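Below is one structure, written out as structure tokens, with a few remarks after it.
The values are calculated or read from the model by the stated rules, or taken from the named source; none is laboratory data. What you are looking at is a predicted structure, and each value in this text was computed from that prediction instead of being measured. Quick reminder, even Gly has a Cβ in these numbers, built from the backbone with ideal geometry, and neighbours come from all protein chains shown.
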Amino acid sequence: MWRWPGHQERPRDRSLSVAHSNRNPRAAKILLLLNAGSAVTVLAYQGHASGNGPGFPDMRVPMGCYIAGLVLGVFAFATMYLTQLFRFNEILKG
């Protein structure tokens, strides 16, 4: 790897870097956005299926998947928040 003459690489301590962990909420936001899209899809399917015939399809599996995704998304946000809070407190303590 090429470096400027006289340039010395500073050691990095990524274990307590709060800025390094800011990439994680973006992924969780995308997952919750996809989960919101699945809610719209399930509701649209229910509306279409209820108006097109006497029988109503079994929605236990799709609703179970939706609720599981919602719970896991909220759990991911909560753990990310708590992790960043604890890491920030470690930085303040020294």
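Figures for the structure shown
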read-out	value
So residue 64, is it touching a residue at least 24 places away in the same chain (Cβ under 8 Å) and within 19 Å of the chain's Cα centre (by Cα)	no
Residue under evaluation residue 23, criteria (1) of a type in the set (D, E, K, R); (2) modelled with pLDDT under 85; (3) surrounded by 11 or more Cβ atoms within 10 Å (Cβ to Cβ), criterion not met	(3)
Of all residues making up the range 45-94, the number that are farther than 26 Å from residue 25 by Cα and modelled with pLDDT of 85 or more	2
